[in-house]
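Enquirer: Below are the structure tokens for one structure; questions will follow.
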Amino acid sequence: MAAPVSAQALTSEVTQCRYWLDSNQGHLKVGGDSMPAILFVRITSGLDAQEFERRLLERRPRFRDVPGLLQKVYGRDSATGDVCGIYFFESQEALDAFRETELARTIPAAYEAVEVRREVYEVLYSLRPDRGPFAESGHPAA
């Protein structure tokens, strides 16, 4: 015998199904809003690790004021020294607006980048939708 399903769980499942059915030209939508987006930026720089980190910490407070930026994770590849930023935006529109800002445009110069790789992803779904940067975004499939 199957375990009883709560109304909340059933509502969540129905909403997720609606999410998948509401796709529009390959862009997944919920209630007319665009889905959350991820920006991945990898930087190769000639700066030493300490100076790079000093600059990261110096600029970090400015990212807290970016509209629609839910979270930013900083990482370093121990083998190459390359550094990445993984940005979680509430929508593609918020990401697009960020890319037009002075803060975004100055990233390569601020870190004396010799190579910058940028990749943008739509969020399809999360492993644990109740945790992480999209938990409170209102996007059930995220």
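The values are calculated or read from the model by the stated rules, or taken from the named source; none is laboratory data. This structure is a prediction, so every number in the text was calculated from the model and none was measured. Positions of Cβ are generated from backbone atoms using ideal geometry, with glycine treated the same way; all protein chains shown enter the neighbour counts. Heavy atoms of the whole protein, side chains included, go into the accessibility calculation; ligands, DNA and RNA do not. Shrake-Rupley method; radii C 1.70, N 1.55, O 1.52, S 1.80 Å.
Enquirer: Scan the range 39-107 for trypsin sites (Lys or Arg not before Pro) in coil per DSSP, keeping those whose Cβ has at most 11 other Cβ atoms within 10 Å, and list them by number.
Expert: Arg64
Enquirer: Using a 1.4 Å probe, how large is the accessible area of Ser78, given in Å² and rounded to the nearest 10?
Expert: 120 Å²
Enquirer: So what's the Cα pair-distance distribution over the range 36-142, bin width 10 Å, in %?
Expert: Histogramming the range 36-142 at 10 Å steps yields 14, 46, 30, 10, 0 percent.
Enquirer: Of Phe88, Phe63, which has the most accessible area with a 1.4 Å probe, and how do the rest follow in descending order?
Expert: Largest to smallest exposure gives the sequence Phe88, Phe63.
Enquirer: Let me ask something else. Using a 1.4 angstrom probe on the protein heavy atoms only, line up Asp48, Asp77, Asp65, Asp82 by accessible area, largest first.
Expert: Values: Asp48 95, Asp77 50, Asp65 125, Asp82 25 Å².
Output order, biggest surface exposure first: Asp65, Asp48, Asp77, Asp82.
Enquirer: Enter the mean projected area of the convex hull around the alpha-carbon atoms of the range 85-131, in nm², rounded to one decimal.
Expert: For the range 85-131, averaging the hull's shadow over all directions gives 4.2 nm².
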